[in-house]
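Report on one structure; see the data block that follows.
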Amino acid sequence: MPQSTRISPSGISPSGISLADLEPLVVLTGAGISAESGVPTFRGEGGIWQSHRAEDLATPFAFERNPELVWEFYNWRRNLIAQCSPNPGHLTLAQMEIVIKDFLLITQNVDGLHHVAGSINILEIHGSIWQIKCTICGEIRIYRQTDEASTVPMCQVCGELMRPDVVWFGEMLDQEKLNQAFESAARANTMLVIGTSALVQPVNTLPLIAKEAGARLIEINPSPTPLSPIMDMRLSGPSGEMLPGWWDEVKKVSLNSN
Ligand code: OAD
């Protein structure tokens, strides 16, 4: 197995990876990629689950028990995210997609910042905070309300309670999205794993699937994760700095080899 490699934020890359080496490229992102935009992560210092109980706010049971409280939490998050902009990590991924045609971005984030940055082929595997879904008829609609005091929305089709169109603890992921994610992981040449603690299933199995199928794994995260030992390369630092530096290196290597 190749040795893990670290590159410094100054961008000196011993990777020697060129563009042609990357396709198909699958990128998996987690809350860490949005941290530099001001969106709190879930775990670790300042993480949402340090100050809020997931059991009270992000499970179907919590919603059944107290929909107002759950909506209050999501209204707060929508309001906060609306004030955040994509950072150089998001923007670099959007630039990469212009050059790398066989490219899929799988994100666990519900914040929509990859869309704002200009990424196109995105699989929002945990849903989107900007969409809501009827608890009864399943009607889905865009919801861009950012007023923290907004009331619980009701379905315009059947009049029943709407919920955020996100995946909660204890819920299944959308099977179609999951299948696409598994298939892409299995055919990836390279998988970039950025800003995720890799603690949540089933998404944390995607890098394992890719690895088993022979892909190169690169992790960008200031802290090690349970997946770090199987990485071919680790860029230890904030993705807003590490990703643009690494991408510049890849482009340089490609230019020199042409
Ligand atoms: P976590 O909060 O679990 O992990 C965030 C990761 O980002 C950690 O490994 C940090 O070290 C890393 N990190 C922090 N700052 C960073 C930076 N500037 N650049 C790069 N990495 C940084 O978030 P996720 O792994 O995304 O699920 O969490 C997975 C799922 O758990 C979420 O989608 C959500 C949550 O509960 C649901 O709501 C279903």
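The values are calculated or read from the model by the stated rules, or taken from the named source; none is laboratory data. This is a predicted model, so every value here is computed, not measured. Cβ atoms come from the backbone with ideal geometry, glycine included; neighbour counts cover every protein chain shown.
The helices (runs of 4 or more DSSP H) found wholly in segment 6-109 and carrying at least 3 residues that are more than 10 Å from the ligand (Cβ to nearest atom) and in contact with a Gly (Cβ under 9 Å, 6 or more places away or on another chain) occupy 88-99.
Would you check if W71 is in contact with a Lys or Arg (Cβ under 7 Å, 6 or more places away or on another chain) and either within 30 Å of N189 (Cα to Cα) or of a type outside the set (V, I, T) (or both)?
Details: in contact with a Lys or Arg (Cβ under 7 Å, 6 or more places away or on another chain): no; either within 30 Å of N189 (Cα to Cα) or of a type outside the set (V, I, T) (or both): yes.
In short, no.
Only a single criterion out of (1) in contact with a Pro (Cβ under 9 Å, 6 or more places away or on another chain); (2) over 25 Å from T41 (Cα atoms) is not satisfied by E160, namely (1). Restricting A58, A82, A62, A94 to residues that are of a type in the set (G, A, S) and in contact with a Phe, Trp or Tyr (Cβ under 7 Å, 6 or more places away or on another chain) narrows the list to A58.
Listed conditions (1) without any contact (Cβ under 8 Å) to a residue 60 or more places away in the chain; (2) in the same structural domain as A198 (by TED's automatic domain parsing); (3) of a type in the set (F, W, Y) are all met by W49, apart from (2). Residues in segment 24-57 that are modelled with pLDDT of 95 or more and of a type in the set (D, E): E36 alone.
Residues that are surrounded by 19 or more Cβ atoms within 10 Å (Cβ to Cβ) and away from the ligand (no atom under 14 Å from the Cβ) within segment 125-154 comprise W130, I132, C134, Y143, listed in sequence order.
Sub-9 Å Cβ pairs linking a first residue in segment 98-115 that is in the same structural domain as K251 (by TED's automatic domain parsing) to a second residue that is away from the ligand (no atom under 11 Å from the Cβ) and among the aromatic types (F, W, Y), at least 6 apart or interchain, are V110/W130; D111/W130; G112/W130; H115/W130, ordered by first then second residue. Of the numbered criteria (1) surrounded by 15 or more Cβ atoms within 10 Å (Cβ to Cβ); (2) closer than 12 Å to I125 by Cβ, the one M172 fails is (1).
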